[in-house]
Amino acid sequence: MGATDERARSEHTSTPPTTSPHRYPRDTLEFGRVINLADAVFAIALTLLVLSIERVEAGALVAFALAFLLVANVWWQHHRIVARLAWLEPGLIVINLVLLAGVALVPFPTSLLSSDPTASDAVLPFVALFAALSAVSIAFLARGQRLQAWQHPLPARLFRWVMVDWGTNLAVLLASLVTAVWAPLVGLGLLVAGSAVHALVVGRIGPDERRAWF
C-alpha cells in the first residue's frame with residue numbers, strides 16, 4: 001500500500017522522481033560524460049583558433065584575441081550553469097549539444113574575420129555565431145529554471161536579474177550584427193565597446209545574491 005501511494009505521489013509531481021531513467025544526478029557517470037564532452041569541445045575550439053592566424057598581422061591577431069575572449073565568456077556562462085545543476089535530463093543535454101556545435105564552428109568564421117575584418121561577409125558570420133551561442137546559453141539557463149534542476153532553488157527575483165544580465169549581452173551582439181551589415185568595422189567596435197560596458201556596468205548591478213548565484 002505504501003509503495004502504491006508513493007508511485008501516485010510521484011506521478012503528480014512537477015518533476016520526475018529521483019529514480020527516473022531520464023534524470024542524471026551530478027554524481028553519476030552520465031552527468032560526468034556530458035560535462036567532460038563540453039570541456040573537451042571548448043578546449044579544442046580554443047586551440048584551433050590558432051590556425052586562424054595565417055600571417056602575423058594586426059587583423060589576424062585581433063580576430064584571434066576577440067574570438068578567444070568571446071569563447072571564454074561562453075564557457076564561463078556554461079560553467080556557471082553547470083556548477084549549479086543538481087541533475088541533467090534529455091532537454092538540457094540537447095541544448096548543451098547545440099551549444100557545443102556552435103562552439104566547434106567558431107574557428108571557421110574566425111578565419112574569415114582574420115582574412116578581412118573590413119568585409120561584411122567576414123564580420124557577419126562571426127558576430128551571428130556568437131549571438132546564437134548567447135541565445136542558446138539563455139535557453140539552457142531558462143530550461144534549468146523551468147525544471148528547477150538546481151542544487152538549491154533560484155528565486156524568481158534573482159532569475160530575472162540574471163536574465164537581464166545575459167539578455168543585455170545578447171542585445172549587444174544583435175546590435176553589433178545589425179550595424180555590421182552596413183559598417184563592419186563599426187559593428188566590431190560596437191561589439192568590443194558594448195561587451196566592455198556590459199561587463200563593467202550591467203554585470204555588477206543587482207543584489208549581491210545574484211552575483212553569488214551566477
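Taking amide H positions as modeled 1.01 Å from N, with prolines and chain starts lacking one, the residues under 5 Å from Trp150 and 5 or more places away or on another chain are Ala86.
Taking every DSSP helix (H) stretch of at least 4 residues in the chain, weighting each as -39,500 (n - 2.57) and dividing the sum by the residue count yields a mean residue ellipticity at 222 nm of -25500 deg cm²/dmol. Counting pairs of alpha carbon atoms under 8 Å apart in space and at least six apart in sequence, what relative contact order in percent does the chain give? Value for the chain: 20 percent.
Can you tell me the 0 to 90 degree angle between the C-alpha axis of helix 58-84 and the longest principal axis of the chain, rounded to 10? It works out to around 10 degrees.
Quick one: longest stretch of the chain between exposed loop GluC sites (Glu not before Pro), exposed meaning at most 13 other C-beta atoms within 10 Å and loop per DSSP?
My reading of the result: 58-214 is the longest stretch.
Take the Cβ-Cβ distance between Ile53 and Val94 as r, set R0 to 45 Å, and report the resulting FRET efficiency rounded to the nearest 0.05.
About 0.85, to the nearest 0.05.
The radius of gyration of the Cα set in region 85-161, together with its Dmax, comes out at 16.2, 47 angstrom. Placing dummy labels 7 Å off each Cα toward the beta-carbon, the span from Arg80 to Ala171 is 1.6 nm.
Computed from Cα positions, the angle between helix 184-200 and the longest principal axis of the chain comes to roughly 50 degrees. For region 123-133, putting each phi into the Karplus relation 6.51 cos²θ - 1.76 cosθ + 1.60 with θ = phi - 60° gives couplings of 6, 4, x, 5, 5, 4, 5, 6, 5, 5, 5 Hz, in residue order, rounded to whole numbers and with x for Gly and Pro. Alpha-carbon geometry of region 62-120: the Rg and the Dmax are 14.5, 45 Å, given in that order.
Each value in this text was obtained by applying a stated rule to the coordinates, not by laboratory testing. Everything numeric in this text was worked out from a predicted model, so none of it was measured. We place every Cβ from the backbone using ideal geometry, glycine too, and count neighbours over all the protein chains shown.
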